[in-house]
Amino acid sequence: MVYFFTYLIYFYATTLAIFYIALLVMSYFKTIRYRYSYTKRDEHYLKNFPNEAPGISIVAPAFNEEVIISDSVNSLLNLDYPTFEVIIVNDGSKDKTLAILIDEFELEEIPYYYVYKVYCRPVHRILRSKNPAFSKLIVVDKENGGTKADAMNAGVNMAQYAYFINTDVDCILAKDTLSKIILPVLDSEQHVIAVGATMRMVNSCSIDKGQITRVRAPKGLIPLFQETEYLRSYLVAKMGWSMLNAIPNVSGGFGLFDTQVVTSAGGFDSASHAEDMDMTVRMVAYMRENRKKYKIAQCPYSLCWTEGPPNIKVLNRQRTRWGRGMLQFIIDHRKFFLNKDYGRLGFLVMPYIVFFEFLAPIIEFTGFLFLLFLLFTHQVNFDTFWMMLLYAYLIGLSVSIITVSYDLVLNKLYKNFWEYLKLVLFSAFEAIIYHPLVVVFTLRGYIQYLTKRNFKWGQMTRQGFSPSKNVNAANNNV
Amino acid sequence: MYYDFYLYYLSYLSSLYNGYPLIIRMTLAMVMLLAVITLCGILRLLFIGYKINREERRKNKTKQHFEEKLDFVMRNKANYDVEEIQALLDYDVSKVKKWKWELVTDLVLSVKNTVEKASALNVINYKNCLEALGLTRFWEKRMRVATIDRRREVLQIVGEIDNGVNSGVLSKSTFHKDIQLRKAARDLYTSQDTYNPFRFMEENFDEAFTQLDKLRLHATLIKKSNEGKLPNLLRWINNSKNPNYIIFVLREIGFFKQYEASATLLTLLDKQENKDVRAQIVITLGELDYFECAPVLIDRFALENSSVREAIIKALGGLRDEHTLAFLVETYQSTADVNIKLLVARSIKCHGEQGKQKLHQLKEDARSGAKEKEHLLLDQVFSENIFVSA
């Protein structure tokens, strides 16, 4: 039994390492090719010929977001793209979110024939502004649905363009986001149903009027670790998977989706706690079932900055929710697993999610307990123990270092080179400080799902983007 | 060079684990591999950082040396010859370092774009600047020797320089097996060739034709139309079976207002089986204000599928006369489809005062008939004047 378990963990780690090395290689070639595929000239075409640029709807749900709503909407309205609309879904906020929106953007209720193309809780009213400066803004005021998915559906029903962006109000988008994210759609012979892009932490960045003026590596420990984790996930994993057209998940923080396909696939699942992964997989399933060719693309550039958990308490909330969502996802979509009708989804994406995302925390935690047992029973061979430990440690570290170098090659966002070295330095401690926390919180999410406890949409404590608001928010949080 | 040295330490390490199971020895190999990857990763990171800093320094230095002088020459109304510019820029092409070409090109293009935006560009001086700096020759050479990925980038830079290109240098790329490179080369050929620029446009451009190609070619056609009148684009459709390409050409016919194509377009409506192509023909006819097509479109309306019907409704919104308005009102009243009702209402509104009167009448009918939803829908169409973005 002891031997069996030891070998199981060993081969699990080795398979994971091989997977990651393969993804590193694929993402390298994909990133290089992407970099040379499009120039600034293509982006200028979109701006110079507004009638040729496909329209994009930006959908951002807001629930009790009074601290950041104003900066966030201003940031979205100032994006550099000719044809877009910003749809803010006020999901029954109990604070001043709606009042701030009405006041600041001079909103009025408009007559609107609202069609429920996908299910969502009842919509009370639609608000728009007569001020031309805010003509792109639409606010959907609806009854609280308890999940982001429900609010997203309300926004999708309202979207008038062929593609929409799924984002959060705590996200700041780069000014050229829309022209960069639409290029893979325009450049594909196949129908592109979704596009993802790299997300980073906004925590220590300087922001002025909803725009990032200076990108910095996060100062706080948790967001710093999460920055490297995000880079690994987007620049290595998703870029690598995109080479095989097998991206498992287009992030809920920022992603471009085909409105028609989302609607046809039934919209976001209001009962889901991992609505992004759920939606991606259902879109793929819809295309497979209808024998339509499709593509999910990934843009390597950093286009979205989101507020990372500033402390362990918020990290706990975030990862517990992700854990619940993961288990729910696996149970809900078990029929795709190794199902030949779903091609890559059944034989590549689902097995990867089950074995390397869902099972990883379970195997790591039981492995840790097993190690303690071996230590207590003096069954550890210390001649080889350190080597095994070093092996597991180097898998993570090497991938992190290469990821940071990919990011630097793409675009030097941090002004100071030492900030990149800071990322590398702290990634050396990630396996010791940050990763164990993530494992425990994810397992907690699994247990919560199984025991049906605490099924609320975990709310993030916002710190706000503007310095003055930070102070107020911090006081409120105390 | 240090082969024995490495072999000694490898043998030593291997001897330490002699007698251990295979799996341990395999792990040792993996650890060493990962350690090497980690070390190389750190070194690469440091090297990239150094390279970026070095490039920034060089960029600043080049900018300091050239920017003001280039701006002066390109803005100047007096024409300077190549030697004068070389003397002014204090630049000897034969002594240029390898790294400098790209930086100088970026700077020239940036200055050119700024001056062009201010409508102050002296084209003769700009072309002489390119000659004085040896940029045209450099990029033509680069086009011949660069790798496929880089060559595509080079083609785009040459396009941006916009100083003509030797078709002989391009020919290798215009028939290359790499789709992206081939398309970039064909676009550049169309944009820069003076002898037979529309050769590829007449030959279906390329079998792989995407939205981005449409955008790039649209820009090229605008450039060509600024240089002289475009030929009748309709002839390009005859040789193509690619619906994407046909739709693109139809859109361009509407954009460039080639009114002479209207009558032929109407006859094409019967010949085309693809619904998206038919929908685009209808939209183009609307854009060309071809009133003669209205009775034909009205006749076809009942038989067409939904995308063509929507196109007909939009086109009839632009073709304002009594008959089209009467047809739209009748369609509004007879359809139960809310989406069609909304489109029709918007088209009726495009008919100016008469249209608004009809809409008010329809609204009144909805109120008296207790059709609340329809009333709301018409309210929405009225409010779009005030609220919908331009």
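Summary of computed values
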| read-out | value |
| --- | --- |
| Check on residue A:28, more than 9 Å from chain B (Cβ to nearest Cβ), modelled with pLDDT under 90, surrounded by 16 or more Cβ atoms within 10 Å (Cβ to Cβ) and within 30 Å of residue A:400 (Cβ to Cβ) | no |
| Test: residue A:215 is farther than 18 Å from residue A:345 by Cβ and β-branched (Val, Ile, Thr) | yes |
| Residue in the stretch B:363-371 that is within 14 Å of chain A (Cβ to nearest Cβ), hydrophobic (A, V, I, L, M, F, W, C) and either free of Cβ contacts under 8 Å to residues at least 40 places away in the same chain or touching a helix residue (DSSP H, G or I) at 6+ places or on another chain (Cβ under 6 Å) (or both) present | yes |
| Test for residue B:123: is it β-branched (Val, Ile, Thr) and closer than 22 Å to residue A:44 by Cα | yes |
| Among the residues listed as A:353, A:401, the single one being surrounded by 20 or more Cβ atoms within 10 Å (Cβ to Cβ) and touching a Pro at 6+ places or on another chain (Cβ under 6 Å) | A:353 |
| Boolean, residue A:330 is of a type outside the set (D, E, K, R) and either assigned to a loop (DSSP other than H, G, I, E, B) or within 28 Å of residue A:160 (Cβ to Cβ) (or both) | no |
| The stretch A:121-132, residues that are surrounded by fewer than 21 Cβ atoms within 10 Å (Cβ to Cβ) and over 30 Å from the mean Cα position of the chain (by Cα) | A:130, A:131, A:132 |
| Criterion: assigned to a loop (DSSP other than H, G, I, E, B) and either buried (at least 21 other Cβ atoms within 10 Å of the Cβ) or free of Cβ contacts under 8 Å to residues at least 12 places away in the same chain (or both) - qualifying residue of A:269, A:276 | A:269 |
| All helices (runs of 4 or more DSSP H) inside the stretch B:1-110 with 3 or more residues being away from chain A (no Cβ under 12 Å) and over 30 Å from residue B:163 (Cβ atoms) | B:3-16 |
| Residues located in the stretch A:183-213, provided they are touching a Ser or Thr at 6+ places or on another chain (Cβ under 7 Å) and facing another protein chain (nearest Cβ under 10 Å) | A:186, A:187, A:188, A:189 |
| Positions within the stretch A:46-75 being within 14 Å of another protein chain (Cβ to nearest Cβ) and farther than 21 Å from residue A:143 by Cα, in sequence order | A:46, A:47, A:48, A:49, A:50, A:51, A:52, A:53, A:54, A:55, A:56, A:57 |
| Cross-chain or 6+ apart pairs with Cβ under 8 Å, the stretch A:58-78 first and part of a loop (DSSP other than H, G, I, E, B), then aromatic (Phe, Trp, Tyr) | A:63/A:457; A:68/A:465 |
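This table checks each residue for (1) touching a strand residue (DSSP E or B) at 6+ places or on another chain (Cβ under 9 Å); (2) touching a residue at least 60 places away in the same chain (Cβ under 8 Å); (3) within 14 Å of chain B (Cβ to nearest Cβ).
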{"residue": "A:342", "(1), (2), (3)": "no, no, no"}
{"residue": "A:352", "(1), (2), (3)": "no, yes, no"}
{"residue": "A:363", "(1), (2), (3)": "no, yes, no"}
{"residue": "A:378", "(1), (2), (3)": "no, no, no"}
{"residue": "A:400", "(1), (2), (3)": "no, yes, yes"}
{"residue": "A:407", "(1), (2), (3)": "yes, yes, yes"}
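The values are calculated or read from the model by the stated rules, or taken from the named source; none is laboratory data. Remember, it's a predicted structure, so these values are computed and weren't measured experimentally. All Cβ positions, even for glycine, are placed from backbone atoms using ideal geometry, and neighbour counts span all protein chains on display.
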